[in-house]
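One structure below.
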Amino acid sequence: MFKKDMHISLLLDFYGDILSERRRELTSLYYNDDLSLSEIAEISGISRQGVRDAVKKSEAELLDLEEKLGLCGRYEELRAQLARISGELNSLALASKEEASKLKEIAMELSTLNI
């Protein structure tokens with residue numbers, strides 16, 4: 001049995017539509033629904049090894065796409081930067097009473113971004 005790389009689940013969100021429908025479905029069942037290879041094989045009507053091969057090929061394709069395009073990495077970097085900025089704004093709001101409401105407003109707006 002091989003260990004699940006949960007980063008693949010995020011890559012599936014970014015690049016899953018590029019995979020064939022069958023491979024996307026099998027990979028989603030494995031990573032997003034946390035089903036075992038045997039459970040997926042039973043549901044899909046193919047062998048456990050067939051499921052494993054499809055998942056491994058999907059992983060390789062998703063990792064290759066991320067290496068070439070880097071969308072997921074940029075997304076994670078942007079989220080980290082927004083969290084840092086929001087935290088700094090909240091800290092500043094505590095230190096500066098007169099500008100506190102404006103800083104809190106900006107921090108709140110940043111935290112509501114769906115990134």
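The values are calculated or read from the model by the stated rules, or taken from the named source; none is laboratory data. Since the structure is predicted, the reported quantities are computational estimates derived from the model, not experimental observations. Ideal geometry is used to build each Cβ from the backbone, glycine not excepted, and the neighbour counts take in all protein chains shown.
Give me the pairs: first residue in the range 103-115 and on the phi > 0 side of the Ramachandran plot, second residue modelled with pLDDT of 80 or more and part of a helix (DSSP H, G or I), beta-carbon distance under 9 Å, and six or more apart or on different chains, which are they?
Final answer for the pair search is none.
Can you list the helices (runs of 4 or more DSSP H) lying wholly within the range 1-62 that have 3 or more residues being at pLDDT 95 or above and more than 15 Å from the chain's Cα centre (by Cα)? Walk me through it before giving the result.
Numbers: elements: 7-15, 21-31, 37-44.
In the range 1-62, the matching helices (runs of 4 or more DSSP H) lie at 21-31, 37-44.
How many residues does the range 75-96 hold that are farther than 18 Å from SER111 by Cα and either modelled with pLDDT of 95 or more or charged (D, E, K, R) (or both)?
Looking only at that region, the number is 0.
Here is a check on your reading of the model: is TYR31 under 30 Å from LEU113 (Cβ atoms) and touching a residue at least 40 places away in the same chain (Cβ under 8 Å)?
Details: under 30 Å from LEU113 (Cβ atoms): yes; touching a residue at least 40 places away in the same chain (Cβ under 8 Å): no.
For TYR31, the condition - under 30 Å from LEU113 (Cβ atoms) and touching a residue at least 40 places away in the same chain (Cβ under 8 Å) - is not met.
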